[in-house]
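**Student:** Please find one structure pasted underneath; my questions will follow.
The values are calculated or read from the model by the stated rules, or taken from the named source; none is laboratory data. Small disclaimer: the values here were computed from a predicted structure and weren't measured. Glycine also receives a Cβ, built like all others from the backbone with ideal geometry; neighbour counts cover every protein chain displayed. When the accessible area is computed, the model is the full protein with side chains, heavy atoms only, and any ligands, DNA or RNA have been set aside. Shrake-Rupley method; radii C 1.70, N 1.55, O 1.52, S 1.80 Å.
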Amino acid sequence: MAMINNALSGLLASQTALNTMSQNVANVNVPGYSRQEVQLSARQAGFGVMGGNGVQVTGLRRVTDDFLAVQLWRAESDAGYRSQVSAYLDQMETVLGSQDSSLLPGLNNFFAALHSAAETPQSIAPRQQIIASAGALAQRFNHLAAQLDAQQRRVLDQADAVNSQANSLLAQVAELNDQIKKVGAKGGNTGILEDSRDETLRRLSELVEIRTSRQQDGTVNVSLSLGQPLVLGNQAARIERQDQDISVHFGNQVFPLDGGTGGSLGGLVLHLHQQLQPAREELNRIAADLATRINDQLALGEDLDGQPGRPLFSLEAGDAAGSIRVTEGLRAEELALSGTSAAGPGNNDNLRALLALEDDSYEAFRTLVGELAITSAQWQADAAAARNIRAEAQARRDGVSGVNLDEEAMNMMTYTQHYQANAKVISTADQLFNTLLNMM
């Protein structure tokens, strides 16, 4: 009987191993699945029993490496963070540097019109061209301001979408924690649940940089890199936005997120506050400075009627680039291109002073575009490097936890032979038993 019992235990162990390997093969394309292995041990033989008591399955081992998983989550966060910033910087660079929307063609046309009027400053046609080119330049300021404002709305809309996705994933982690705790307390296999939780955490790490702490009951506590709690046991926080402020709400506590969030959300926050808004403010400053210098110089001259010059541009404080316009009702005759009457009628003294402002008018915008190009190129390079690091981290994780079909095929052959051998032992034992019966 011992021979049959030994073979039967081996038969059942082989069957369990084959079932486990079939589960691995079936889930080879499931994201985040960790292959499982059967753990076997010899049964303890009783006193005086010859030949042992066979083999037993002591458990199913989920093949995983927490260190590699954490490395993958960090790489996901960094890649999401840098890719998000680089994408928006690329859009900004395209808008500010494009021939169709850049300020440079507008400035070229405006100062070209001033140069054209230098020979006959008293003529109406060149003066009308100055007003027309000033209007076109103002429209370019308006267009750039509108484009940057539109990008700000897109950033905030995307932040809302990221928050919604993150909140859903946080709720899933909390639910999986609860299930793992309950199943583990009953001695059940939590491998599939832990795979689902790790994959959920990986997806969450794309959105925010996380830190995890495994508890004795099998649950995982999750927080942001700066310590703000996201999941404690089966309780999940919510990430919410109010205007441009984003915060974590956990129970009755509120934790503002002012930096260091990481992931896609951190990239959005950084771009909004450190790149997009400063660029918009600089565009306002350039528009206000240009309008002020032109208007102030015109105020020092006289128009064709000998009257003090009227301002060429008008704008609203706080939104200079978005509101700059040619002064309503301004006529060509009212452009103060002449100096004082003492210099003679129709002179172009003030026009020459306006032309002296040309170089400074270009410099500020060129500096803005140049710095943006340098910053964008650096972020593009960093994003490409981060994507490579993420791919390497994924490969290392899959090298340990992923399913290798060739390896599974070899193991299946081994356990199939093991199954057949144990079946042969049972058949042999049956023959021996029948022989003994026939001898009696």
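**Student:** Among what's in region 226-244 and is open to solvent by less than 70 Å² (accessible area, probe 1.4 Å) and not in a loop (DSSP other than H, G, I, E, B), pick the residue that is farthest from GLY191 (Cα to Cα). Steps first, please.
**Tutor:** Step one: list which residues in region 226-244 are open to solvent by less than 70 Å² (accessible area, probe 1.4 Å), which gives 227-231, 233, 236-237, 239, 244.
Okay, now just the ones that are also not in a loop (DSSP other than H, G, I, E, B), so 229-231, 236, 239.
Values: PRO229: 25, LEU230: 23, VAL231: 20, ALA236: 22, ILE239: 29 Å.
Checking each candidate, the answer is ILE239.
**Student:** On to the next question. Of the conditions (1) open to solvent by 20 Å² or more (accessible area, probe 1.4 Å); (2) over 17 Å from ILE131 (Cα atoms); (3) of a type outside the set (Gly, Ala, Ser), LEU355 satisfies every one except a single condition; which number is it?
**Tutor:** (2)
**Student:** So, of the residues in region 88-118 that are free of Cβ contacts under 8 Å to residues at least 24 places away in the same chain and open to solvent by 30 Å² or more (accessible area, probe 1.4 Å), which turns out to be nearest to PRO278 (Cα to Cα)? Lay out the reasoning, then the answer.
**Tutor:** So in region 88-118, the residues free of Cβ contacts under 8 Å to residues at least 24 places away in the same chain come out as 94, 98-100, 108, 112-113, 116.
If we keep only those that are open to solvent by 30 Å² or more (accessible area, probe 1.4 Å) as well, we get 94, 98-100, 108, 112, 116.
Working: THR94: 17, SER98: 20, GLN99: 22, ASP100: 23, ASN108: 25, ALA112: 30, SER116: 36 Å.
Among those that are free of Cβ contacts under 8 Å to residues at least 24 places away in the same chain and open to solvent by 30 Å² or more (accessible area, probe 1.4 Å), it is THR94.
**Student:** Every residue in region 156-198 that is of a type in the set (D, E, K, R) and part of a helix (DSSP H, G or I), please. Outline the logic, then answer.
**Tutor:** Of all residues in region 156-198, those of a type in the set (D, E, K, R) come to 157, 160, 175, 178, 181-182, 186, 194-195, 197-198.
Scanning region 156-198 gives ASP157, ASP160, GLU175, ASP178, LYS181, LYS182, GLU194, ASP195, ARG197, ASP198.
**Student:** Determine whether PRO311 is surrounded by 14 or more Cβ atoms within 10 Å (Cβ to Cβ) and free of Cβ contacts under 8 Å to residues at least 40 places away in the same chain. Lay out the reasoning, then the answer.
**Tutor:** Numbers: surrounded by 14 or more Cβ atoms within 10 Å (Cβ to Cβ): yes; free of Cβ contacts under 8 Å to residues at least 40 places away in the same chain: yes.
Yes: the conditions hold for PRO311.
**Student:** Continuing with the same structure: Please go through region 258-304 and give me each residue that is of a type in the set (A, V, I, L, M, F, W, C) and open to solvent by 40 Å² or more (accessible area, probe 1.4 Å), ordered by number.
**Tutor:** Step one: filter region 258-304 for residues of a type in the set (A, V, I, L, M, F, W, C), giving 265, 268-270, 272, 276, 279, 283, 286-288, 290-291, 294, 298-300, 304.
Scanning region 258-304 gives ALA299, LEU300, LEU304.
**Student:** Here's something else I'd like to know. On the given criteria, is LEU68 assigned to a helix (DSSP H, G or I), modelled with pLDDT of 90 or more, in contact with a Phe, Trp or Tyr (Cβ under 6 Å, 6 or more places away or on another chain) and not β-branched (Val, Ile, Thr)? So that I can check it myself, show each step before the final result.
**Tutor:** Details: assigned to a helix (DSSP H, G or I): yes; modelled with pLDDT of 90 or more: yes; in contact with a Phe, Trp or Tyr (Cβ under 6 Å, 6 or more places away or on another chain): no; not β-branched (Val, Ile, Thr): yes.
When the stated conditions are applied, LEU68 does not pass them.
**Student:** Is there any pair linking a residue in region 244-256 that is in contact (Cβ under 8 Å) with a residue 40 or more places away in the chain to one that is assigned to a strand (DSSP E or B) and open to solvent by less than 90 Å² (accessible area, probe 1.4 Å), with Cβ under 8 Å and at least six apart or on different chains, and which?
**Tutor:** As it stands, the answer is ILE246/ILE239; ILE246/GLU240; ILE246/LEU257, since those pairs meet every condition given.
**Student:** Okay, moving on. From ALA393, ALA384, which residue is assigned to a helix (DSSP H, G or I), buried (at least 16 other Cβ atoms within 10 Å of the Cβ) and not hydroxyl-bearing (Ser, Thr, Tyr)?
**Tutor:** Working: ALA384 fails: buried (at least 16 other Cβ atoms within 10 Å of the Cβ).
Matching residue, one of ALA393, ALA384: ALA393.
**Student:** Which residues, counting only those in region 396-440, are β-branched (Val, Ile, Thr), closer than 30 Å to SER77 by Cβ and in a helix (DSSP H, G or I)? It would help to see each step written out before you state the result.
**Tutor:** First, the residues of region 396-440 that are β-branched (Val, Ile, Thr): 400, 403, 414, 416, 425-426, 428, 435.
If we keep only those that are closer than 30 Å to SER77 by Cβ as well, we get 400, 403.
Once the filter is applied, which keeps residues that are β-branched (Val, Ile, Thr), closer than 30 Å to SER77 by Cβ and in a helix (DSSP H, G or I), region 396-440 yields only VAL400.
**Student:** Output the residues belonging to region 199-225 that are within 13 Å of SER77 (Cβ to Cβ), touching a Gly at 6+ places or on another chain (Cβ under 7 Å), outside any helix (DSSP H, G or I) and of a type outside the set (Ser, Thr, Tyr).
**Tutor:** VAL208, GLU209
**Student:** Please go through region 135-149 and pick out each residue that is touching a Gly at 6+ places or on another chain (Cβ under 9 Å) and under 16 Å from LEU312 (Cβ atoms).
**Tutor:** ALA136, LEU137, ALA138, GLN139, ARG140, PHE141, ASN142
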